[in-house]
Amino acid sequence: MKVKSEHVDILAFGVHPDDVELACSGTIMKHIAQGKTVGIIDFTRGELGTRGNGLLRLEEAQSAAQILGVEFRYNLNMRDGFFQIDELNTKKVAAAIRRHRPTIVLANSLEDRHPDHGRAAKLTREAAFYSGLSKINLDNLEPWRPKAIYHYIQDYNLTPDVVVDVSEFVDRKFEAIKAFSSQFFISQDDDDQTPISSKQFMDFLKAKMATYGRPIQADFAEGFNVTRAIGANDLLTFD
């Protein structure tokens, strides 16, 4: 996808193509509908997944990006399963943050069934910090640090610190998810069944969103965690 805008309001990172769609695509579409700009960056191609392959996942990711309406989506080509929080990868993410200068960052879950998710969350947080240090040269880009990092909740049922009403965008969210046709339910006779390819998985996902929506009297919501308190101008403004 051609980059239409370098600077975005929200930059969403996902260690695997489809992480963003599954966990926070409703939130992304809601903010785009409000006039905000959003970009997505995937760390890996998800090439170790039981189903599909890295090239197919890249194609599916671009199809999903079109449905979401994001400004751009590209891949940092880290090694699925074996990427490390090292200087090379930290600088890759930090340079992306400087290049796109997001107000907020969306990142993988702090803790999850898949070990890549928590490690990617830590990598994103560290990169966001180093992105703000002026003595680190990253392609001569000016230092930048986002105002907040929200970690979207993935497989584990974590208690959210923030929930976003995405009721209006549920149908398009599932359309974007299904763009990853290699990853989800095809038939009961499929030999390569995974936890997310079962016929029941989409029902589970929808029920989870309904659970997050209940405390705010919304039909469906997406949940996020933070590691640092989020500042507010007052206690009476609710988005």
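Below, the figures for the structure above:
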quantity	calculated
Hey, Gly14 open to solvent by less than 10 Å² (accessible area, probe 1.4 Å), at pLDDT below 95 and not β-branched (Val, Ile, Thr) or not	no
Sole residue being under 21 Å from Tyr130 (Cα atoms), under 18 Å from the mean Cα position of the chain (by Cα), of a type in the set (Ser, Thr, Tyr) and modelled with pLDDT of 95 or more, chosen from Thr90, Thr37, Thr27	Thr90
Residue match in region 216-223 (condition: over 18 Å from the mean Cα position of the chain (by Cα), of a type in the set (A, V, I, L, M), within 20 Å of His31 (Cα to Cα) and at pLDDT below 90)	no
Single residue of region 219-228 satisfying the filter (assigned to a loop (DSSP other than H, G, I, E, B) and either closer than 18 Å to Leu158 by Cβ or touching a Pro at 6+ places or on another chain (Cβ under 7 Å) (or both)) that is most open to solvent (accessible area, probe 1.4 Å)	Arg228
Output for region 139-161, where each listed residue is within 16 Å of the chain's Cα centre (by Cα) and open to solvent by 50 Å² or more (accessible area, probe 1.4 Å)	Asp155, Tyr156
One residue from Arg98, Arg79, Arg145 being part of a helix (DSSP H, G or I) and among the basic types (Lys, Arg)	Arg98
Subset tally (residues that are in a helix (DSSP H, G or I) and open to solvent by 60 Å² or more (accessible area, probe 1.4 Å)) for region 101-132	5
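Each row is one residue, and each column tells you yes or no for (1) out of contact with any strand residue (DSSP E or B) (no Cβ under 9 Å at 6 or more places or on another chain); (2) modelled with pLDDT under 85; (3) part of a loop (DSSP other than H, G, I, E, B).
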{"position": "Val163", "(1), (2), (3)": "no, no, no"}
{"position": "Val170", "(1), (2), (3)": "yes, no, no"}
{"position": "Ile230", "(1), (2), (3)": "no, no, yes"}
{"position": "Leu235", "(1), (2), (3)": "yes, yes, yes"}
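The values are calculated or read from the model by the stated rules, or taken from the named source; none is laboratory data. In this text the structure is predicted, and so the values were computed from the model without any measurement. All Cβ positions, even for glycine, are placed from backbone atoms using ideal geometry, and neighbour counts span all protein chains on display. When the accessible area is computed, the model is the full protein with side chains, heavy atoms only, and any ligands, DNA or RNA have been set aside. Shrake-Rupley method; radii C 1.70, N 1.55, O 1.52, S 1.80 Å.
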